[in-house]
Amino acid sequence: MSSDVTEALEEPEDLSYEELEEDDSVSATDLSELLKEGTKESHDRAENTQFVKDFLKGRIKRELFKLGTVALYFTYSVLEEEMERNKDQPAFTPLYFPLELHRKEALMKDLEYFYGEGWREKVQCSEATQRYIDRIRHVGQHEPELLVAHAYTRYMGDLSGGQVLKKVAQRALKLPSTGEGVQFYIFDNISNPQQFKQFYRARLNALDLDKGTKERIVEEANKAFEFNMQVFEELDKIGALLAEETQEGGLPVHDGKGDLRKCPYYAAKLGAAEVSSCPCHVALALLKLPTVQLVLAACVAVAAGVVAWYVM
């Protein structure tokens, strides 16, 4: 951890986060307080999206978690690129902590774990994520003071609720306890997340910003929450189309959501039902099922063996 952060965090270590939050020195006009109050509704809405609620209950499919990690990779790649571009801007410099906060490298490790060494060729940016990073790029290049909103929304969330999601993901997806697959949630250079968050808020409050700029930052933070919710909704729609774990025998089970025709097993059943009046069509539909094909192949093999025995 950098020296200025370490010095700041060496002050009473036995002080709890709750006590720090109730510090009388916090003013209603401080940026940290404006952000906290001004994004409360957006924060609640984000926490109550179906994707997040299912995630917290441990109902997270591995494929969906992988796609979520991909979305985070593209988001942080652009966010940290713009932070690097603006690290000398007075409106952002006090919040530049690459050693403590940057997540791109951790996400690269997670993607290699899930997709293998050639992961770069296997991932792509989704539509919702693209809209999110387009906004971050615009802000970084044209309104760098608003970059504060995106950094605050992402990193403070990662140090808070993100730590809960890490434990849920490890348990639900049976990930190694050593951290593979969830490096994104692990901040090796922050020994006390609660104290660091308080220090970060103090840095926010020390920014030399006028009232109008503070209001624009709060507005941008709400936009950041909205972009995140759009990503959650996109993942939720994808999740509705993903089949559950495969049944014994190789037949996928549909989870009851989305279009049944997207599920090969149910599509075959529906196809057979639609042509049930014609025996030959029923037979053709049945032949498309993997189990029937396997049995048929076995019968053909037995018949061929019998014929060969008589010919000899």
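The values are calculated or read from the model by the stated rules, or taken from the named source; none is laboratory data. None of these values were measured; they are calculated from a predicted model. Neighbour counts run over all protein chains shown; Cβ positions are idealised from the backbone, glycine included. The accessibility values were calculated without ligands, DNA or RNA, using every heavy atom of the protein model including side chains. Shrake-Rupley method; radii C 1.70, N 1.55, O 1.52, S 1.80 Å.
Summary table below
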{"read-out": "Pairs beyond 21 Å (Cα-Cα), from K109/K174; K57/K167; K53/K237; K104/K237", "value": "K104/K237"}
{"read-out": "Candidates per GluC sites (Glu not before Pro) in the stretch 139-218, loop by DSSP, up to 16 other Cβ within 10 Å", "value": "E180"}
{"read-out": "For the stretch 53-62, Karplus couplings with θ = phi - 60° (6.51, -1.76, 1.60), whole Hz, Gly/Pro x", "value": "4, 5, 4, 5, 8, x, 8, 10, 7, 4"}
{"read-out": "Virtual spin-label span in nm between Q163 and E37, 7 Å along Cα→Cβ", "value": "2.7 nm"}
{"read-out": "Heavy-atom accessible area per residue - the stretch 34-98, 1.4 Å, Å²", "value": "48 Å²"}
{"read-out": "Binned Cα-Cα distance frequencies in the stretch 73-138 - 10 Å width, integer %", "value": "20, 43, 30, 8, 0"}
{"read-out": "Cleavage-rule hits (trypsin sites (Lys or Arg not before Pro)) in the stretch 137-204: DSSP loop, at most 10 neighbouring Cβ within 10 angstrom", "value": "K174"}
{"read-out": "Rg/Rg_globular for the stretch 31-92, with Rg_globular taken as 2.2 N^0.38 Å and Rg from C-alpha atoms", "value": "1.51"}
{"read-out": "Whole-Hz couplings from phi, Karplus 6.51/-1.76/1.60, listed for the stretch 183-189; x for Gly and Pro", "value": "4, 3, 8, 9, 9, 4, 9"}
{"read-out": "Candidates per GluC sites (Glu not before Pro) in the stretch 66-133, loop by DSSP, up to 16 other Cβ within 10 Å", "value": "E117"}
